[in-house]
Amino acid sequence: FNKSFIVLEGGRSGGKSIQVGKGTLLFILKRQEDGTFICGREIQKTLDTSVKSLLEGLIKQYQLEKLFKITNNYILCKHNQVKIIFMGLREGTAEKNDSVKSTYKAFGMWIEEAQTISELTLDKIVPTAIRNKDFKIFFTYNRQRINTVVHDYFFSENDNYTKCGWETTQHIAIQY
């Protein structure tokens, strides 16, 4: 991935989450130093509503248990000490608890169900990625209506790139 923002949109059952889950694990395994990878969604009340179980399933499916330690709250890559954490972004970008910006050595993010993300959340996390040239944010979403905050943030009505530009954004449409 040579872009900072990878935007994957498509219908249900298109395989977006599984592909990004696999890509996330590979991205983390290739990393040469420790750090934190954040998996989030706008509102996440429990880990059951996160992608944690999907990542755990992929780790087991590809027999990667020797490379990852799965705990109740996070997943740790053993060879480089990268920690995969899971959070609700509305709470993580709130003024009182700006934990996204202050997450230790954060180098990447996966935002699942990004069609529900708020403009406030985007306004907080995008500068984090722009400041660090190696930071990547993966957005996966179903574009159920014409206008969603995440789509409008990166693209105009005719799918031309907007705020972040084509130099930093990769758009992938996935269908079953």
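Remarks
- A crude spin-label estimate for the pair HIS79 and LEU26, with each label 7 Å from Cα along the Cβ direction, gives 1.5 nm.
- Debye intensity ratio I(q)/I(0), log10, the range 107-149, q values 0.20, 0.23, 0.33 Å⁻¹ (C-alpha model): -0.64, -0.80, -1.18
- Additional length obtainable on full extension of the chain from LYS3 to ARG131, 0.36 nm per residue less Cα span: 44.7 nm
- Note on VAL20: accessible area is roughly 10 Å² with a 1.4 Å probe, heavy atoms of protein only.
- Fraction of accessible area attributable to carbon and sulfur, the range 1-95 (%, probe 1.4 Å): 49 percent
- Sorting MET87, MET109 by solvent-accessible area of protein heavy atoms yields MET87, MET109, largest first, with a 1.4 Å probe.
- Placing pseudo-labels 7 Å out from each Cα toward the beta carbon at ARG143 and ASN72 gives an inter-label distance of 4.2 nm.
- Extension gain from GLN61 to GLU167, taking 0.36 nm per residue of separation minus the Cα-Cα distance: 34.7 nm
- The modelled label-to-label distance between ARG12 and LYS105, using points 7 Å beyond Cα along the C-beta direction, is 4.0 nm.
- Pairwise FRET efficiency - GLN19 versus ASP48, Cβ, R0 = 30 Å, nearest 0.05: 0.85
The values are calculated or read from the model by the stated rules, or taken from the named source; none is laboratory data. Quick caveat, the model's predicted, so the values are computed rather than measured. Cβ sites come from the backbone with ideal geometry, for glycine too, and all protein chains shown count toward neighbours. Calculation scope for accessible area: heavy atoms of the full protein, side chains included, ligands and nucleic acids excluded. Shrake-Rupley method; radii C 1.70, N 1.55, O 1.52, S 1.80 Å.
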